[in-house]
Amino acid sequence: MKKFAVLLLIAVILTAGIAGCSKNKNEVVITIDNNYDLASGDTLIDYMEYLDEKDKLDYEVENGMITEINDIHNSLNSYWMLYTDDPNFSNSAWGTYQYKDKTLGSATLGAESLKINKDYLYIWVYQSF
């Protein structure tokens, strides 16, 4: 029983803050860590900065647009696109992304404006058009 508890604790620590367990390097799944002191009005970029400080995520912003995540840079026809299952900040008419058993809609706001909520997923997907 102790071994199970230790293994469970290790799994929780490894996945806390960013569920980067995806084997797909073109997909970055962000969930809000319970250890994060979520304040009213916190945006996704605030949380991404927190993850960057914890060495769990590396990203670059240029002119308000995410241009690189974890060493994958936007290119002429490929970009990081943001999806969420938060119904207040997603629009499936703009595009959807399937993740496990959920269909996420394209985010209606950028990371600097999108207010986060611990109940929802935020997924960056590197896509070619």
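Read-outs: derived from the displayed coordinates by stated rules, not from any lab. Everything numeric here is computed off the predicted structure, so don't read it as measured data. Please note: Cβ atoms are built from the backbone with ideal geometry, for glycine as well, and neighbour counts cover all protein chains shown.
What the table below lists for this structure:
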| item | result |
| --- | --- |
| For the range 16-128, convex hull of alpha carbons as volume per residue, Å³ | 107 Å³ |
| Under Karplus coefficients 6.51, -1.76 and 1.60, residue-wise ³J(HN,Hα) of the range 101-108 in Hz, glycine/proline x | 9, 10, 10, 9, x, 4, 5, 8 |
| Cα→Cβ-extended label distance, 7 Å offset, between Asn35 and Ile72, nm | 2.6 nm |
| Peptide ranges 118-125, 33-40 listed from the most packed, as the mean C-beta count within 10 angstrom indicates | 118-125, 33-40 |
| Calculated from backbone phi, Karplus (6.51, -1.76, 1.60) coupling profile of the range 109-119 in Hz, x at Gly/Pro | 10, x, 4, 6, 10, 6, 6, 9, 9, 5, 7 |
| Potential lengthening between Thr43 and Thr96 on full extension [0.36 nm per residue; Cα-Cα distance subtracted] | 17.0 nm |
| Under 5 Å, built H, 5+ apart or other chain: amide partners of Asp58 | Asn70 |
| Sites Thr108 and Asp52 - FRET efficiency at Förster radius 35 Å, r taken between beta-carbons, to 0.05 | 0.90 |
